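These notes concern the structure reproduced below.
The values are calculated or read from the model by the stated rules, or taken from the named source; none is laboratory data. Treat the numbers as computed from the prediction; the structure is a model and nothing was measured. Here the Cβ is made from the backbone with ideal geometry for all residues, glycine too, and neighbour counts use every protein chain on show. What goes into the accessible areas is simple: the full protein's heavy atoms, side chains included, and nothing from ligands, DNA or RNA. Shrake-Rupley method; radii C 1.70, N 1.55, O 1.52, S 1.80 Å.
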Amino acid sequence: MDSPVPPSPSHRPTEPPAEPRVRRRDRHGRGMRGPVAPPQVPLSASRADTFRDLVLDSVERLERRWPQLADVDFMVMEVPPPVSGETVPLGGALPAGKNEPARVVVYRRPVEIRSKSRDERAVLVHEVVVEQVAELLGLSPESVDPRYGQD
């Protein structure tokens, strides 16, 4: 027996192009899924966003005391570049170059690994920022922030 041969494309009846179907409900009839949480709720903030906010809070706290920090770029990077040492740095400071401002970098993953809670992370982030600013300014961390090490 021969199997039926499908008609060639030139012999198929022409149909109007199908319009996209608007889905009003999901396949189980319970309605479309919505977001897990609205954008203003902290649940929708990523860990990277939360960490960046901790760094910005620390910088704002220091800028009130040290206005010259307005010219410094504060950055957050995931991990530090590979180094040939046993300890992984939590941050770094680069002095200003010819056409580049001074930079302070906080490494997110090493800080997160060393802290257990959000409060502990906030304290550690502030300590790292204070230490890097102190290195940049050539001062002791206690002179940059008198509350350094007391939190």
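What to note about this one:
- Cα shape, the range 62-115, gyration tensor, a/c 1.5 rule: oblate
- Packing, as the average of other Cβ atoms within 10 Å across residues, places the peptides 49-58, 73-82 in the order 49-58, 73-82, highest first.
- Exposure of SER115 as accessible area (Å², to 10), given a probe of 1.4 Å and all protein chains: 10
- For the range 68-85, Karplus couplings with θ = phi - 60° (6.51, -1.76, 1.60), whole Hz, Gly/Pro x: 5, 6, 5, 8, 9, 8, 9, 10, 10, 10, 4, 9, x, x, x, 10, 9, x
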